[in-house]
Amino acid sequence: STNVTGSQVNITGCFSATYESYLIIGRNITGNGDSNSFDFRLGIAGTPNTASDYYEASPDVAYGAGTYITLGQNGTGDVNNFIVEMVAPQLAQQTFFTKSYQSLYLTGSARYMNGYHSSTIQFTDFVLLKRAGVSDFTQGNIKIYGYAAS
């Protein structure tokens, strides 16, 4: 578990051979200033992967290659909660994920999407970051749970 403040939150060394897959929960994440999206990137040893290898689709739209996974809005009055499930990010295969997020932005929104990272990189960590020109995170919490194979 870690608190969310500043311009980004690096969670290093959280993916390993100990667990097969992971559940990541973000609660009450907020910022101040203008609203804009905040994002999630997989990484290795504290370095986020910025290649256009993230693909996502929801029931109403499919997105092409991107450099991040969007998880909410970061601005005054925005309160965000999200869940991301990742399948074997630490293995040398494509990483599949399912995400859902809720954001109290304007009238509020909720989104459910599936996606994958198309490379076969063995990830060790992730970063939650604000987009350029957006205010820092002011509060929130992230918890990570590992699923062990039975």
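The values are calculated or read from the model by the stated rules, or taken from the named source; none is laboratory data. Quick caveat: nothing in here was measured; it's all calculated off a predicted structure. Cβ placement follows ideal geometry from the backbone for every residue including glycine, while neighbour counts extend to all protein chains displayed. Please note that ligands, DNA and RNA were not included when accessible areas were found on the heavy atoms of the full protein model with its side chains. Shrake-Rupley method; radii C 1.70, N 1.55, O 1.52, S 1.80 Å.
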Only four residue types carry charge here, +1 at the Cβ of Lys and Arg and -1 at the Cβ of Asp and Glu. Report the dipole size of the chain about the Cα centre in Debye, rounded to the nearest 20. 160 debye
Out of P48, P59, P89, a Gaussian network model of the chain with alpha-carbon springs under 10 Å gives the largest mean-square fluctuation to P59
What percentage of all Cα-Cα pairs in the chain are separated by more than 20 Å? 44 percent
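Regarding the stretch 16-57, what whole-number volume in Å³ per residue does the convex hull of its Cα atoms give?
165 Å³
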When the chain is treated as a Gaussian network with springs between alpha carbons less than 10 Å apart, the largest mean-square fluctuation among G140, G64, G46 is found at G64
So how do E20, E85 rank on accessible area, 1.4 Å probe, biggest first, that is with the largest at the start? E20, E85
Can you give the FRET efficiency to the nearest 0.05 for T67 and E20, using r as the Cβ-Cβ distance and R₀ = 22 Å? 0.25
Efficiency of FRET between N141 and I44 - r from beta-carbon atoms, R0 30 angstrom, step 0.05: 0.80
